[in-house]
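Student: Dropping a structure here in structure tokens format, bear with me for questions.
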Amino acid sequence: MKDILEVLTKGETLEVEFKSDLRKISDVEIYEEIVAMANTKGGILLIGVDDDGRVVGCKPRHGRTTDPLKMQSAIFNNTVPNINTRVTVIHHPGGNILSIEVDRYPEPCATASGKSLRRAIGADGRPQSIPFYPRDQRSHRIDLGLLDFSAQTIDNAAFDTLDPLEFERLRQTISRLHGDKSLLDLSDEEIAKALRLVETREKKLVPNIAALLLLGREESLKKFIPTHAVHFQFIDEEGNIRVNESFQCSLLKIFSEVELRFSARNEEKEIMVGLFRLPIPAYSPEAFREAFNNALLHRDYSRLDAVYVQWKPKNLLITSPGSFPEGITIQNILVHEPKPRNLRLAEAFKRIGLVEQTGRGVDKIYFGQLRYGRPAPDYSRSDASGVRVVLHGGTEFMKFTAFVYEQEKKGTPLSLDDMIILNALLLEGKIDSERAGSLTQKGNFEAGQTLEKLHKNGFIEAKNEKKGPIYHLSVSFSRKIGLTTDYSRVHGINRAQHEDMVIQYINSHKRIERKHVMELCDLSNQQAGRLLKKMCDDGKIMRMGTPPRWTYYVKS
């Protein structure tokens with residue numbers, strides 16, 4: 001009963017659907033809702049509950065009672081593939097509730113009559129079930145890893161749709177990026193075979209989609225893969241697009257063109273480290289390169305959409321069509337094993353040298369940002385339609401960059417977990433093992449070990465409180481990186497940083513309360529209230545629950 005009350009309080013989501021049973025909904029409607037959930041993220045259907053969470057009771061479905069086993073069997077026999085569910089009748093003072101739980105299914109589902117649906121957020125901001133068209137099902141199979149779109153051959157394309165100039169560009173890229181040098185002495189046809197970019201059909205070489213994306217002529221790409229496009233935009237402080245360039249050429253040429261434009265705008269400052277001048281770019285070239293590579297490598301090429309690189313006054317936004325691959329979320333992106341959406345293309349990328357053999361490009365994006373004392377990459381804008389990463393610019397902590405460089409020169413480089421925790425302390429001022437475990441995505445125990453190591457090395461210091469030790473930057477380390485002695489305890493954080501901290505907390509915990517904001521941002525009750533109200537007014541978050549006692553906030 002306690003769990004169901006919590007579900008009723010939180011309201012409807014993509015994974016929770018309420019159905020009032022005052023008119024006794026049909027079995028067919030139940031089958032359709034179950035199919036929609038199985039095609040999305042799974043979830044729970046509660047029959048006998050109004051849209052506002054008020055229990056009105058469900059009508060008996062088998063004479064005077066409802067038999068959960070009969071209901072479960074009916075759903076199983078009226079869905080294709082047959083969907084297993086968990087059906088329960090919950091007794092509530094407002095009336096009985098029929099609870100039907102369903103897991104996400106590993107392939108597209110439909111009702112026995114052939115109707116297929118999925119869950120989505122409607123124009124009114126509320127979840128609903130909508131048609132699941134064949135084009136969407138293809139993307140769904142790609143997300144689940146059931147279909148490698150890049151390995152599909154193009155029957156109407158001949159080998160001459162590939163450009164000899166792009167083969168030469170490929171050889172130059174291998175030499176520059178230290179890729180597989182055994183490819184350099186091969187002919188164009190042999191390279192295509194070695195990279196599994198072609199198949200032999202009737203004694204002729206037929207290219208696949210990966211081949212066309214990497215080496216295709218521009219007119220061939222526009223003809224056979226019209227979904228492929230990249231836009232590079234420069235946006236000024238007023239939101240006006242000053243530069244808007246589009247590319248529909250080979251990926252190798254796009255890498256070259258976009259990197260050229262990035263380098264031309266990426267200004268540098270310098271800081272002295274001993275007798276050496278250390279350049280500090282506005283944006284980490286390594287972080288940008290990996291983020292852009294990922295956008296092209298992992299995008300869903302079956303979607304009619306484009307990759308966007310938007311250069312804004314204070315950040316870079318890179319957008320890639322398609323959701324995260326199955327199993328990968330914002331909360332586990334650092335620790336989940338690599339799962340390329342386009343496997344054949346990924347294999348070629350690795351041999352060419354465009355991405356690491358280990359597939360840990362996300363680590364490079366994080367490290368490239370954190371080594372300059374900037375906020376971690378922000379994936380919070382990602383949804384089912386696209387993966388979006390924001391790279392923040394600026395040079396606020398130049399001496400921290402010098403410190404990272406010195407550690408590397410001494411042969412004692414900081415690990416990514418070290419960098420994540422120190423960066424959080426730079427921006428937030430304090431941290432505990434739970435927060436550290438959430439940020440590193442490795443849990444409290446491993447985060448606690450990292451905190452102890454940093455404490456032992458003199459980078460941080462601990463203050464014991466009732467809930468456990470709270471860590472701050474040590475006085476000596478604060479001085480070393482150019483901060484005031486008690487910066488780590490009473491530093492000034494502007495509203496934008498407070499808002500980022502609130503959003504990051506919601507990403508990790510799904511929701512936030514005022515008391516959490518007070519503790520997280522070190523604000524008074526009134527200050528936390530004003531911050532939350534401002535974020536609600538700006539449409540960044542919205543208030544849920546029953547005020548004042550049960551109020552909490554979620555992302556808008």
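Student: Given N residues in region 205-301, what is Rg(Cα) / (2.2 N^0.38 Å)?
Tutor: Computed over Cα atoms of region 205-301, the ratio equals 1.38.
Student: Under the √(5λ) rule applied to the eigenvalues of the Cα gyration tensor, what semi-axes describe the equivalent ellipsoid of region 149-224? Give them in Å, descending.
Tutor: Output for region 149-224: semi-axes of 21, 14, 10 Å.
Student: Ratio of alpha-carbon Rg to the 2.2 N^0.38 Å globular estimate for region 106-242, to two decimals, please.
Tutor: 1.44
Student: Related question: Using the Cα atoms as the points, what is the convex hull volume per residue of region 2-132 in Å³?
Tutor: Considering the Cα atoms of region 2-132, their hull volume per residue is 103 Å³.
Student: Right, here's the next one. Please sort through the DSSP H helices of the chain and keep those with an alpha-carbon extent of at least 15 Å along the long axis and a Kyte-Doolittle average not below 0.5.
Tutor: Passing helices, by number: 27-38, 416-428.
Student: When the distances between all Cα atoms of region 423-481 are binned every 10 Å from zero, what whole-number percent does each bin get?
Tutor: It works out to 24, 59, 17, 0, in whole percents.
Student: Something else about it: Over the Cα atoms of region 233-352, what radius of gyration and what Dmax do you get, in Å?
Tutor: Rg and Dmax of region 233-352, Cα atoms, are 16.6, 53 Å.
Student: Now, a different point. Tell me the Kirkwood radius of region 495-555: reciprocal of the mean inverse pair distance over distinct alpha-carbon atoms, in Å.
Tutor: By the Kirkwood definition, the hydrodynamic radius is 11.2 Å.
Student: Per residue of the chain, what 222 nm ellipticity follows from adding -39500 (n - 2.57) for every DSSP H run with n ≥ 4, rounded to the nearest 500?
Tutor: When only DSSP H runs of four or more count, the value is -11500 deg cm²/dmol.
Student: Compute, for region 2-132, the length of the dipole vector about the Cα centre, with Cβ point charges of +1 (Lys, Arg) and -1 (Asp, Glu) only. Units Debye, rounded to 20.
Tutor: Computed charge dipole of region 2-132: roughly 260 debye.
Student: Taking amide H atoms as placed 1.01 Å from N in the peptide plane, list the residues 5 or more away in sequence, or in a different chain, whose amide H sits under 5 Å from that of Ile271.
Tutor: The list, which skips near neighbours in sequence, is Leu278, Ile280.
Student: Hey, could you get me the Stokes-Einstein D for the chain, Kirkwood radius over alpha-carbon pairs, 37 °C and 0.692 mPa s, rounded to whole µm² s⁻¹?
Tutor: 124 µm²/s
Every read-out reported here was derived from the displayed coordinates using simple, explicitly stated rules and does not represent laboratory data. Keep in mind that what you see is a predicted model, and the values were worked out from it rather than measured. Counting neighbours? That spans all protein chains shown, and the Cβs are built from the backbone with ideal geometry, glycine included.
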